[in-house]
Amino acid sequence: MTRTVLITRPEEDALPLAETLRARDLRVLIEPMLRIKPIRDVTIELEGVQALLFTSSNGVRAFAALSKERDLPVFTTGEASARVARNLGFKTVEGADGDVSGLARMVRQRVKPDGGALYHGAGSVVAGDLATQLTDLGYSLRRDVIYEAVQADALSPQLLQKIEDGQVDIVLLFSPRTAETFIELLQAGVDGRPKLMPAVGRVVALCLSPAVADAARSIRWRDVHAAEQPDLNSMLRLIERSTAELDAEE
């Protein structure tokens, strides 16, 4: 049976993931919960900076649009954002194991606090405590907000109908904010759709991390699972396992 997977990531990240999932014979729906809006009037100052830090692919893209700098070492939270950096021409790039704690550990292993400041190209909402972790280790961190993640204001009627009709099997959630936004908009869409929330009880929520899963559990799903590691490969394995479980149950 061909399963239908809903991707809630911003469009820039959703499109390549959708291609990967379609190659695995899955149906794919895309409904971004956040729209990425680069901030164009930021002046990036890199004098004395020894390395660039990015906690999302969106930060990499926004920085690349604002600065021609490609020679400084780049450290990212995960391999997906590292791949984006390489594709945009950054010469020395390493990805950590998926979260800001892993990024902080990588920085500690690769560069010394007295080698210069670290630059973090961030979004308007910052997840995790990267700044605290690095300053506690003695590093100097500069942070510019270089993009804004604008929250969606409604789920499309088409998506609501598909959920109500039982045509969505799996929802992918990659951040607590995404999970909270999806649930908020889902509950707002209940008006005039009495079967909507019971239908969600037949949908499996697959989450990038335990923190995302905790945010998702504010409503009743068929099941909620977190990936073993907060990275794309772990999510792909989780999708494969969950589709197999759904097929076995039905």
Yeah, the range 170-250 with a ≥ b ≥ c from its alpha-carbon gyration tensor (a/c under 1.5 is rounded, else prolate when a/b outruns b/c, oblate otherwise) is oblate
Mean Cβ-within-10 Å packing, highest first, puts peptides 78-85, 169-176 in the order 169-176, 78-85
The Cα radius of gyration of the range 1-114, divided by 2.2 N^0.38 Å with N its residue count, comes to 1.23
Taking Cα atoms, the helix 176-188 axis meets the longest principal axis of the chain at an angle in degrees (rounded to 10) of 30
Note to self, the chain gives a 222 nm [θ] from helices alone (DSSP H runs n ≥ 4, -39500 (n - 2.57) apiece, / all residues, nearest 500) of -11500 deg cm²/dmol
Label model pair Gln158, Val145: point-to-point distance (7 angstrom along the Cα→beta-carbon line) in nm is 3.3
Projected onto the charge dipole of the chain (unit charges on the beta-carbon of Lys, Arg, Asp and Glu, signs +1, +1, -1, -1), the Cα from Ser218, Thr76, Val125 with the largest positive-side position is that of Thr76
Here the residues of the range 145-168 lying in the modelled label zone of Ala188, meaning backbone nitrogen under 11 Å from a point 7 Å along Cα-to-Cβ, are 151-156
Measuring from its Cα centre, the chain shows a charge dipole (+1 at each Lys and Arg Cβ, -1 at each Asp and Glu Cβ) which, in debye to the nearest 20, is 320
With all protein chains present, the chain has a carbon and sulfur share of its accessible area (1.4 Å probe) in percent of 46
log10 I(q)/I(0) for the range 207-250, Debye formula on C-alpha points only (no solvent), q = 0.24, 0.26, 0.30 Å⁻¹, two decimals, reads -0.85, -0.93, -1.03
Ranked by GNM mean-square fluctuation in the chain (Cα springs under 10 Å), the top entry among Glu94, Glu184, Glu11 is Glu184
Output for the range 64-136 (equivalent-ellipsoid semi-axes, sqrt of 5λ from the C-alpha gyration tensor, Å, descending) is 19, 15, 13
Of Glu148, Glu164, Glu47, the most mobile residue in a GNM of the chain (C-alpha springs, cutoff 10 Å) is Glu47
Computed ³J(HN,Hα) along the range 157-164: with the Karplus parameters 6.51/-1.76/1.60, θ = phi - 60°, integer Hz and x for glycine or proline, the list is x, 5, 5, 4, 5, 5, 5, 4
Taking every DSSP bridge whose two residues both lie in the chain, the antiparallel percent to the nearest 5 is 15
Computed over all unlike Cα pairs, the Kirkwood hydrodynamic radius of the chain in Å stands at 19.1
Inter-part gap, Cα centre of the range 148-222 to Cα centre of the range 76-143, in whole angstrom, is 31
On the formula 1/(1 + (r/R0)^6), with r taken between the Cβ atoms of Asp165 and Thr20 and R0 of 41 Å, the FRET efficiency rounded to 0.05 is 0.95
Of Arg27, Arg61, Arg193, the most mobile residue in a GNM of the chain (C-alpha springs, cutoff 10 Å) is Arg193
Here, Thr92 and Lys195, labelled 7 Å along Cα→Cβ, have an inter-label distance in nm of 6.0
Computed over the chain, protein heavy atoms only, probe 1.4 angstrom, the accessible area per residue in square angstrom equals 49
If the label point sits 7 Å along Cα→Cβ of Asp41, residues of the range 113-136 with amide N under 20 Å come out as 122-125
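The values are calculated or read from the model by the stated rules, or taken from the named source; none is laboratory data. As the structure is a prediction and not an experimental result, all values here were calculated from the model. Glycine also receives a Cβ, built like all others from the backbone with ideal geometry; neighbour counts cover every protein chain displayed. For accessibility, only protein heavy atoms count, side chains too; no ligands or nucleic acids. Shrake-Rupley method; radii C 1.70, N 1.55, O 1.52, S 1.80 Å.
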